[in-house]
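The values are calculated or read from the model by the stated rules, or taken from the named source; none is laboratory data. Remember, it's a predicted structure, so these values are computed and weren't measured experimentally. Note that we place each Cβ from the backbone using ideal geometry, even for glycine, and neighbour counts take in every protein chain shown. We work out accessible area using only protein heavy atoms, side chains counted, and drop any ligands, DNA or RNA first. Shrake-Rupley method; radii C 1.70, N 1.55, O 1.52, S 1.80 Å.
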Amino acid sequence: MTHLSIPHPEVAAQTDVAAHTGSGPSGSRRVLAGVLRQPAAVTGLVFLLLVAVAAIAAPWIAPYGPTEKDYDATLAGPSADHWLGTDQLGQDTFTRVLYGARIALIVAFGSVGIAMAIGVPFGLLLGYRGGWRDRIGSRLIDVSDALPGILLGFAVIAVLGRGLFNLMFAIGLIFCMGFARTTRAVALAERKKLYVDAVRVAGLRTPAILFRQVLPNLAGALIVQGSVFLASAIMIESALSFLGIGLESDTPTWGAMLSNAAANTQQPFLAVPPGLAIVCTVLAFNIVGVGIGDAMTGTGRSSLPRRRVRRAAAPVGESVTPEARAVLEFRDVTVAVGGGKEPVPLVQDVSLAIGRAEVVALLGESGSGKSMLARSALGLLPAGVHLAGGSVWFEGERIDDLDERGLRKIRGCGMAVVLQDPMSALSPVHTIGRQLGEPLRVHAGLTGKAARERAVELLDRVGVEDARGRLDDYPHQFSGGMAQRVAIAMALAAGPRLLIADEATSALDVTTQSQVLDLLLDLRDEMDMAILLITHDLGVVAESCDRAAVMYAGQLVEVNDVTSLFDEPRHPYTAALLAANPTSEADVPRLPTIPGRVPPAGEWPAGCHFAGRCAHARPQCTEGSVPLVQDVRCVRADELTLEVTSR
Ligand SMILES: Nc1ncnc2c1ncn2[C@@H]1O[C@H](COP(=O)(O)OP(=O)(O)OP(=O)(O)O)[C@@H](O)[C@H]1O
């Protein structure tokens, strides 16, 4: 294995990128195959291809010019000279239908393109940002829905005048809010997903996240909606032309031809060719749109499991290794949900620090607040949850009050994250090489060959065999362990000083888990990098960590070096947690459990939060809040000698 010299933070690129999901990588081929399996969709597709060929080749295949008149054959029915007859000026209907196809397709694609160009960024922004922007924007979309589209078209053309572009613009305006609505809905869902958090941690800017990460997930929905709007655009263009406010009257459009037929009822056949052209083309677009939608079912990200998001947690305040300057420090951190007068605390008064190159575990049952604490360091608290007290410091700089721009400077090259499930944190729509290239480009300015070479080095370093050959593979082509190595490579790209490993090995088999842990520890040694390990696995803690911080119901209850923690736990909860460990060597007839459950946030008891489940509880335990004294939060800490057994 090549030894990679991981670049120094300032020099190198950063981070863990874990990107998204989406319509699927080889998805486009799968979707095409899916469409081709549907006879109706194939028929529609073939018809549209014919229309497109006719439109493009009209000047060569049309027997007459589009405005060429034959006054000897006005309002004629189908004949050998005029296959579809003529109008009142003797203009050949077949020719005008062919030219009409050109206008129809140009207007349809042009207006849908304009609608997308306006609606998609607008919807992305609303959905991703949320909050008041979203509320105002959504009302705007609702209001625009209430306006009859055709009237809007009238108004725009009345103001701008007739003409091809104005017509496309008018129709584009009618549709843009439809695209905005779809895009907003998808962006709203996507922004809560792991890959978005991961790329934010990677330091990507909002436009890059929106357009490179979130947008690809919209491809499916936009294609389906676009094809339906193409059909509608043809109808609206025809309606406007029929009413005489579309294009100039001598321009061959299907709508104008229908209007003409309505004025010349003595030749009823005149309405048939343009009418059929409109109906069949609109139908074909709709059928193909539905076909694409059906073919895409199950090919999108929805097939990927949604994982809980976790982030690093931190060490205990007072107990920071004295000789090392803290890389990350929580000072009296309180995280709460809800505003108003009574926000509910999820994490309470946590003080913890992690020293340089230190490996600290964050332990505790589900719901104890590990993730919330970690998220507060990364500036990734979920909506509605906020830092209600205290502060977070990174290498001596306060970071909890930084804005996104400030956080970007720290995320990735300062702090990086490896998540539990690499598959949900890697984008299925981009190759590994591309995903690795992103942080290298953003943080080290590496592009092209240089980025590729660095990506190969990184993959090689984390033990991905045939690294060069695997750059063009997609995440689904990697095993879980290999994908986790890729995620680690991304996290290390910028040489972070702190790696937050959030159950990073939980989903792996024992052998792979051990290899990944060894890798993390090797990298810690090489890079002088601190690691905050959130885990439920006490075996992993025993093997890998210097210190452990134990959380219970939002509070730190004990911080200790790992050897002492396992040999002489000082808090009854720590002892109970160790006793309940399936690999505990405690000689008990059956696996002990901790009776009861963690009280949910908002229902924490006064005094010691663990008192209700504690075998050693006394009345004084519930009398008042219990402070963390010398790294343990128990009023009886000095008098208890705890053994690792159940109560
Ligand atoms: N988005 C949210 N909004 C409000 N409360 C939340 C949210 N996410 C989690 N919580 C609550 O915050 C508390 C702490 O949750 P947290 O996820 O930090 O626990 P944890 O120790 O990391 O658990 P686990 O080991 O299961 O991940 C829990 O009571 C949980 O119900």
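One table, with the values for the structure above:
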read-out	value
Close pairs from the stretch 366-388: first within 23 Å of residue 132 (Cβ to Cβ) and among the polar types (S, T, N, Q), partner open to solvent by 10 Å² or more (accessible area, probe 1.4 Å) and near the ligand (Cβ under 7 Å from one of its atoms), Cβ under 7 Å, at least 6 apart	none
Subset tally (residues that are surrounded by fewer than 24 Cβ atoms within 10 Å (Cβ to Cβ) and modelled with pLDDT under 75) for the stretch 181-195	4
Residue 466, sole failed condition from (1) over 22 Å from residue 201 (Cα atoms); (2) touching a Lys or Arg at 6+ places or on another chain (Cβ under 7 Å)	(2)
Count of the stretch 613-636 residues which are out of contact with any helix residue (DSSP H, G or I) (no Cβ under 8 Å at 6 or more places or on another chain) and surrounded by fewer than 18 Cβ atoms within 10 Å (Cβ to Cβ)	9
Selected residue [modelled with pLDDT of 80 or more, of a type in the set (Gly, Ala, Ser) and within 16 Å of the ligand (Cβ to nearest atom)] from 548, 507	548
Those residues of the stretch 420-436 which are under 21 Å from residue 497 (Cα atoms) and touching a Lys or Arg at 6+ places or on another chain (Cβ under 7 Å), in sequence order	420
Flag if residue 642 is at pLDDT below 80 and open to solvent by less than 40 Å² (accessible area, probe 1.4 Å)	yes
Any hit, the stretch 554-562, residues being within 16 Å of the ligand (Cβ to nearest atom) and open to solvent by 10 Å² or more (accessible area, probe 1.4 Å)	yes
Residue in the stretch 447-464 that is in a loop (DSSP other than H, G, I, E, B), aliphatic (A, V, I, L, M) and surrounded by fewer than 19 Cβ atoms within 10 Å (Cβ to Cβ) present	no
The stretch 110-137, residues that are closer than 17 Å to residue 169 by Cα and of a type in the set (A, V, I, L, M, F, W, C)	112, 114, 115, 116, 117, 118, 120, 122
Residues located in the stretch 507-553, provided they are open to solvent by 30 Å² or more (accessible area, probe 1.4 Å) and within 30 Å of residue 605 (Cα to Cα)	536, 537
The stretch 369-385: number of residues that are more than 24 Å from residue 557 (Cβ to Cβ) and either open to solvent by less than 10 Å² (accessible area, probe 1.4 Å) or more than 6 Å from the ligand (Cβ to nearest atom) (or both)	3
Residues within the stretch 407-441 that are at pLDDT below 80 and part of a helix (DSSP H, G or I), tallied	4
Residues satisfying the stated conditions in the stretch 76-102, i.e. more than 55 Å from the chain's Cα centre (by Cα), surrounded by fewer than 20 Cβ atoms within 10 Å (Cβ to Cβ), in contact (Cβ under 8 Å) with a residue 24 or more places away in the chain and closer than 27 Å to residue 164 by Cβ	88
Residue 537 vs. criteria more than 18 Å from residue 422 (Cβ to Cβ) and out of contact with any His (no Cβ under 9 Å at 6 or more places or on another chain)	no
Complete set of residues in the stretch 390-423 that are under 24 Å from the mean Cα position of the chain (by Cα), surrounded by fewer than 17 Cβ atoms within 10 Å (Cβ to Cβ) and acidic (Asp, Glu)	403, 404
Meets criteria (over 29 Å from residue 504 (Cα atoms), of a type in the set (Gly, Ala, Ser) and modelled with pLDDT under 85) for residue 624	yes
Residue satisfying all of: in the stretch 332-368; buried (at least 22 other Cβ atoms within 10 Å of the Cβ), within 12 Å of the ligand (Cβ to nearest atom) and of a type in the set (Gly, Ala, Ser); nearest to residue 518 (Cα to Cα) among these	364
Selection from the stretch 109-126 of residues that are in contact with a Phe, Trp or Tyr (Cβ under 8 Å, 6 or more places away or on another chain) and aliphatic (A, V, I, L, M)	112, 114, 115, 116, 118, 120, 124
Some residue of the stretch 505-512 being within 26 Å of the chain's Cα centre (by Cα) and within 30 Å of residue 634 (Cβ to Cβ)	yes
Filtered residue count, the stretch 252-278, keeping only those that are within 46 Å of the chain's Cα centre (by Cα) and either surrounded by fewer than 21 Cβ atoms within 10 Å (Cβ to Cβ) or among the hydroxyl-bearing types (Ser, Thr, Tyr) (or both)	3
Subset of the stretch 108-165 that is in contact (Cβ under 8 Å) with a residue 40 or more places away in the chain and among the hydroxyl-bearing types (Ser, Thr, Tyr) - its residue that is least open to solvent (accessible area, probe 1.4 Å)	111
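Yes/no matrix, rows are residues, columns are (1) at pLDDT 85 or above; (2) aromatic (Phe, Trp, Tyr); (3) surrounded by 18 or more Cβ atoms within 10 Å (Cβ to Cβ); (4) assigned to a helix (DSSP H, G or I):
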{"site": "228", "(1), (2), (3), (4)": "no, no, yes, yes"}
{"site": "234", "(1), (2), (3), (4)": "yes, no, yes, yes"}
{"site": "239", "(1), (2), (3), (4)": "yes, no, yes, yes"}
{"site": "280", "(1), (2), (3), (4)": "yes, no, no, yes"}
{"site": "288", "(1), (2), (3), (4)": "yes, no, yes, yes"}
